[in-house]
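The values are calculated or read from the model by the stated rules, or taken from the named source; none is laboratory data. Predicted model, so just to flag it, every value in this text is computed and none were measured. All Cβ positions, glycine included, derive from the backbone under ideal geometry; neighbour counts span all protein chains shown.
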Amino acid sequence: MAEAVPWTDPVTQGDDRAMRRRTLTLALLTVTYFFSYMDRQILAILQELIKADLSLSDTQLGLLSGLAFAIFYATLGIPVARLADRTNRRNIIVASLTVWSAMTAAGGLAMNFWQLLAARIGVGIGEAGSSPPSHSIIADLYPPERRAGAMGVYSLGVVLGAAIGTFIGGTVASFYGWRAAMFAVGLPGVALAVIVYLFVVEPRRGLSDPVPETHKGPMPGLAAGFATMLRSGPALHLVIAVTLTSMIGYGLTAWGPSYMQRSLGISILEISLYVAPIGAVVGTISAVGGGRLADRLARTRGLYAQPWMVAWLKLIALPFTLGFFILDMPVAAVVSYFLYVLFANSYLGPTFALIQGLAPLRLRALWAAITLLVINLIGLGLGPTLVGVISDLLEPTLGAESLRWSMFLFAAVTPWAIWHYWRAGVLLKRAG
């Protein structure tokens with residue numbers, strides 16, 4: 001008589017498989033985010049070449065890297081997030097990655113401002129489906145006391161995407177032109193989409209939460225998502241803080257290479273070969289180290305200590321941020337920039353981990369999308385755009401130095417963001 005085969009719960013099997021692939025899933029989501037940020041920020045290193053080739057103004061360049069991209073990227077994130085809260089998140093990420101990679105490469109075919117604008121809008125549409133489902137997956141795979149560290153690893157996509165995109169784009173553009181650089185960073189993303197589809201596992205929602213939520217009743221609607229976030233004081237302050245920080249960061253990232261070329265006399269190739277790789281190392285230390293420090297503080301002091309950590313690190317970074325624009329010696333200015341990155345770049349992991357921890361389980365992707373909507377409409381949309389507009393307004397008076405002082409004004413907004421991080425910590429501590 002044949003032995004009976006023991007019955008295995010398919011839910012348990014699925015959970016075990018998701019946890020076994022947790023590290024691989026986080027790695028692939030991070031690489032996807034890396035491609036997202038690289039394709040989004042590739043214009044930064046190419047701006048001076050594109051400006052000369054297509055005869056564009058700083059305002060037009062700011063629109064291409066800021067508002068035109070951000071409007072579609074941010075607004076479409078909401079319906080994508082609603083879809084992600086209901087369906088397979090991995091498949092959404094795969095489709096999005098394919099679209100934005102193809103549109104990045106298509107930008108290399110543009111012959112005027114309007115064609116390049118259309119390509120950038122396509123990139124924004126594609127990238128709308130990346131971060132909200134990724135945040136939701138990571139929150140399901142990592143418990144609250146390890147979530148900031150995981151989000152810190154995921155945030156490496158920002159650091160490495162900007163730095164390696166600058167390295168690849170600037171190097172290729174120096175030898176083959178800006179159009180070839182767009183092809184070089186866009187097309188590999190299509191191959192990555194296949195890898196993500198094959199190896200990323202869709203986890204059960206709430207898999208790593210200590211107290212699972214019940215799933216009775218209909219899925220909460222969009223209005224409920226906004227209402228629950230507005231009622232959460234800590235979440236509201238965190239969203240304001242990260243939005244202001246992102247506005248400053250996007251503005252400085254989008255125009256940093258142009259500033260180095262115009263005011264510091266550093267060439268595209270030098271930025272690509274020296275500044276970008278060192279910036280990648282320093283940014284990695286900041287993101288990973290900041291995430292681990294935030295996890296330790298959560299275990300030893302409580303979650304309220306995480307936004308306070310970010311506030312203190314940003315306060316330390318502020319003089320180095322301003323020094324990047326005040327110092328005239330190229331080496332001293334770039335060193336000041338690296339120190340700014342070291343202290344200021346650790347905010348993303350703890351911020352998004354806290355927001356995911358505060359969000360109701362079935363609204364995690366939506367809360368991420370709402371956060372990204374505000375961040376990107378104001379931060380990404382206005383940051384690069386306003387830097388370009390202010391630079392054009394200051395140009396009759398300050399000439400070639402107009403970009404320097406436009407960026408300085410943006411960096412000076414940092415204390416406002418610091419206050420909101422501090423306030424979020426106060427409210428989290430009161431909540432116990």
- Is it true that some residue in the stretch 309-326 is part of a loop (DSSP other than H, G, I, E, B), at pLDDT below 95 and out of contact with any helix residue (DSSP H, G or I) (no Cβ under 6 Å at 6 or more places or on another chain)? no
- Apart from one, (1) modelled with pLDDT under 80; (2) surrounded by 20 or more Cβ atoms within 10 Å (Cβ to Cβ); (3) out of contact with any Gly (no Cβ under 9 Å at 6 or more places or on another chain) all hold for Arg40; the odd one out is (3)
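Conditions (1) out of contact with any strand residue (DSSP E or B) (no Cβ under 6 Å at 6 or more places or on another chain); (2) crowded, with 24+ Cβ neighbours inside 10 Å; (3) within 30 Å of Gln47 (Cα to Cα), marked per residue:
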| position | (1), (2), (3) |
| --- | --- |
| Pro257 | yes, yes, yes |
| Gly279 | yes, yes, yes |
| Ile285 | yes, no, yes |
| Arg299 | yes, no, no |
| Met309 | yes, no, no |
| Pro319 | yes, no, yes |
| Ala332 | yes, no, yes |
| Val335 | yes, no, yes |
| Ile355 | yes, yes, no |
- Query: Give me the pairs: first residue in the stretch 396-422 and under 24 Å from Leu236 (Cβ atoms), second residue surrounded by 14 or more Cβ atoms within 10 Å (Cβ to Cβ) and small (Gly, Ala, Ser), beta-carbon distance under 6 Å, and six or more apart or on different chains, which are they?
  - Reply: Phe410/Gly251; Ala417/Ala241; Ile418/Ala311; His420/Ala241; Tyr421/Ala241; Tyr421/Ala311; Trp422/Ala311
- Per-region count, the stretch 125-142, residues in contact with a Lys or Arg (Cβ under 8 Å, 6 or more places away or on another chain) and not aromatic (Phe, Trp, Tyr): 10
- Item | Scan of the stretch 346-401 for residues that are more than 15 Å from Arg82 (Cα to Cα), of a type in the set (Ser, Thr, Tyr) and assigned to a helix (DSSP H, G or I), ordered by number | Thr351, Thr385, Ser391, Thr397
- Considering only helices (runs of 4 or more DSSP H) fully contained in the stretch 111-180, which possess at least 3 residues that are free of Cβ contacts under 8 Å to residues at least 40 places away in the same chain and among the small types (Gly, Ala, Ser)? 113-127
